[in-house]
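Comments concern the structure below.
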Amino acid sequence: MKVTQEKCGCCCGTNEMELLLCVKEMIAQYKGKEGSLIQALHTAQKIYGHLPLEVQRVVAEELEVPLATVSGVVTFYSFFSTQPQGEHTIRVCLGTACYVRGGKRIVDKLREILNVNVGDTTEDRKFTFEIARCIGACGLAPAMTIDGEVYKQVNPDKLETILARYYQEEQGVDGNDN
């Protein structure tokens with residue numbers, strides 16, 4: 001399951017002001033509707049790509065709810081992001097089985113390869129790097145996912161090959177055999 005969403009493509013421009021205006025226009029449909037904050041935030045994130053403070057302010061103003069309420073919802077639910085997200089989301093499992101079988105080594109090697117810390121996005125916005133407490137693949141440990149696709153019995157030596165597939169996809173080459 002990919003957390004980030006594609007840009008909506010509806011009324012969206014390319015600069016920040018146009019995107020904020022688009023968010024404002026789309027959020028207007030939720031004004032006065034009880035319990036619509038989460039749907040409005042999903043819409044805003046789909047348009048803008050993430051929910052920085054300025055987008056949260058627009059949502060709060062349009063829905064006439066306190067900014068603290070909007071920020072509280074954004075920070076509570078993991079499917080909302082206040083930071084730009086990568087095209088692909090990598091989640092390394094650090095549940096007990098994965099941790100014991102080398103999950104921490106995978107995290108360390110990915111930090112090195114991607115040159116980011118956990119929770120960050122690569123400079124080219126290709127990957128967002130996260131930790132999962134359990135992905136339900138204990139028998140395949142250590143495991144990780146990229147956009148929900150499970151990679152089993154991963155070791156640090158396999159990581160560059162796995163990541164290369166995502167760069168090859170961009171160039172039209174498909175090497176999908178995990």
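Overview of values
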| quantity | calculated |
| --- | --- |
| Among the candidates Val118, Val150, Val154, Val107, residue that is at pLDDT 95 or above, under 28 Å from Gln45 (Cα atoms), of a type outside the set (Phe, Trp, Tyr) and not in a helix (DSSP H, G or I) | Val150 |
| Residue pairs meeting the criteria (Cβ under 8 Å; at least 6 apart or on separate chains; first at positive phi, in region 153-169; second not in a loop (DSSP other than H, G, I, E, B)) | Gln153/Leu140 |
| Residue match in region 77-86 (condition: at pLDDT 95 or above and not aliphatic (A, V, I, L, M)) | no |
| Residue, nearest to Leu163 (Cα to Cα), within region 124-140, restricted to residues that are outside any loop (DSSP other than H, G, I, E, B) and hydrophobic (A, V, I, L, M, F, W, C) | Phe127 |
| Breaking point among (1) outside any helix (DSSP H, G or I); (2) closer than 30 Å to Tyr30 by Cα, for Ser71 | (1) |
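Condition check ((1) touching a Ser or Thr at 6+ places or on another chain (Cβ under 6 Å); (2) modelled with pLDDT of 90 or more; (3) in a helix (DSSP H, G or I)) across all residues:
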| residue | (1), (2), (3) |
| --- | --- |
| Thr4 | no, no, no |
| Cys12 | no, no, no |
| Glu18 | no, no, yes |
| Met26 | yes, no, yes |
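The values are calculated or read from the model by the stated rules, or taken from the named source; none is laboratory data. Predicted model only: the values in this text are computed from it and were never measured. Backbone-built Cβ (ideal geometry, glycine too); neighbour counts: all protein chains shown.
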